[in-house]
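See structure below.
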Amino acid sequence: MEPEVLETPEQVNALYSKSWFYSYEVVIDSKPAINVDSCKVLSKALQEGYKSSDYKEQVALLATNKICTTWVAMGKLKPSKESFLDSFKHDAALANKMPPELSLIISNDDERRLVKASSWEEMSHIQKVELVNDDQAIYYDNSGGIQRLTIMAKGDYNQDGIEDMVLHMANAVERGSYSSSYSYIVTRLTADAPYTLIKQF
C-alpha cells in the first residue's frame, strides 16, 4: 500500500472502507471462505469469528486490525486550542516520561510489575535508540526487546481543548518469533509534565 498524506478526519475515515491492493482469505467452521480486502470487511469478519487458516497470516491480520482501529481513533481527532507536545523527541529520555503501558509485556511477572510502575523506562530499561525519522524510532531494551514507536497523528481526542497524540508500537524480541502491536493515545497537560495515557488498544 502506497503511503498517503491525510490532512482531514474525513480522509482518515475514508481509509476504513478503502480497498487494499491485496486480500486475505478467512474461514469459519463450514461456511464458505471470504476475502478480506479492507478495514471494514476485516473488522466485521473478526467480530463474526472468521480467521486465517495460516498462523502467520492470522498474526498479520490481527496486526492490521490494530492499524485499522488506530485509523478510527485518528478520525475522531479535532483541532486543539493548546498543546504541550512541541518538545516531543525520540530519545532514551522519552521512556522516563511515557506511561509504563508502552513497555513490552510478555510474562505474568511483567503484568505484576506494570501495576506498580510509573514509567516505560521503569519497565523496559532502554539501552539504545535508532532514529528512523522525526516520527519514528526503534527502542532496544536491556532484555532483548525491540520496540518501533511511531507518531501517527496529533489532535484533540477527548475534546478538552488540549492536543493529544496517537502512537503505534510494534514489538519484537531478539532471536525470537514473538511479535505484538498496540496503539496508544497520550497527552501532556503541562510543558514539563509526564505523558498521560488516555487510551490503549
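The values are calculated or read from the model by the stated rules, or taken from the named source; none is laboratory data. If you're wondering where the values come from, they're calculated on a predicted model, not measured in any experiment. Glycine gets a Cβ as well: all are built from the backbone with ideal geometry, and neighbour counts include every protein chain shown.
Mind telling me which of the residues Glu111, Glu174, Glu130 ends up being of a type in the set (Asp, Glu), assigned by TED's automatic domain parsing to the domain that holds Pro194 and in contact (Cβ under 8 Å) with a residue 12 or more places away in the chain? Spell out the reasoning first.
Details: Glu111 fails: in contact (Cβ under 8 Å) with a residue 12 or more places away in the chain; Glu130 fails: in contact (Cβ under 8 Å) with a residue 12 or more places away in the chain.
Within the list Glu111, Glu174, Glu130, the selection yields Glu174.
Do we find that Asp141 is of a type in the set (Asp, Glu), more than 18 Å from the chain's Cα centre (by Cα) and surrounded by 20 or more Cβ atoms within 10 Å (Cβ to Cβ) in this structure? Yes; evaluated as a whole, the condition is true for this residue.
Is one or more of the residues making up the range 67-90 in contact with a strand residue (DSSP E or B) (Cβ under 6 Å, 6 or more places away or on another chain) and among the charged types (D, E, K, R)? Scanning the range 67-90 turns up at least one residue that is in contact with a strand residue (DSSP E or B) (Cβ under 6 Å, 6 or more places away or on another chain) and among the charged types (D, E, K, R).
Of all residues in the range 91-139, those that are within 19 Å of Leu189 (Cα to Cα) and either modelled with pLDDT under 95 or of a type outside the set (D, E, K, R) (or both) total 11. Scanning the range 147-194 for residues that are surrounded by 17 or more Cβ atoms within 10 Å (Cβ to Cβ), outside any strand (DSSP E or B) and more than 16 Å from the chain's Cα centre (by Cα) returns Glu163, Arg188.
Only one entry in Asn13, Asn65 is more than 19 Å from Ser179 (Cβ to Cβ), in contact (Cβ under 8 Å) with a residue 24 or more places away in the chain and under 20 Å from the mean Cα position of the chain (by Cα), namely Asn13. Among the hydroxyl-bearing types (Ser, Thr, Tyr), touching a Lys or Arg at 6+ places or on another chain (Cβ under 8 Å) and more than 22 Å from Ser179 (Cα to Cα): is that true of Ser38 in this structure? Judged against the criteria, Ser38 is a match.
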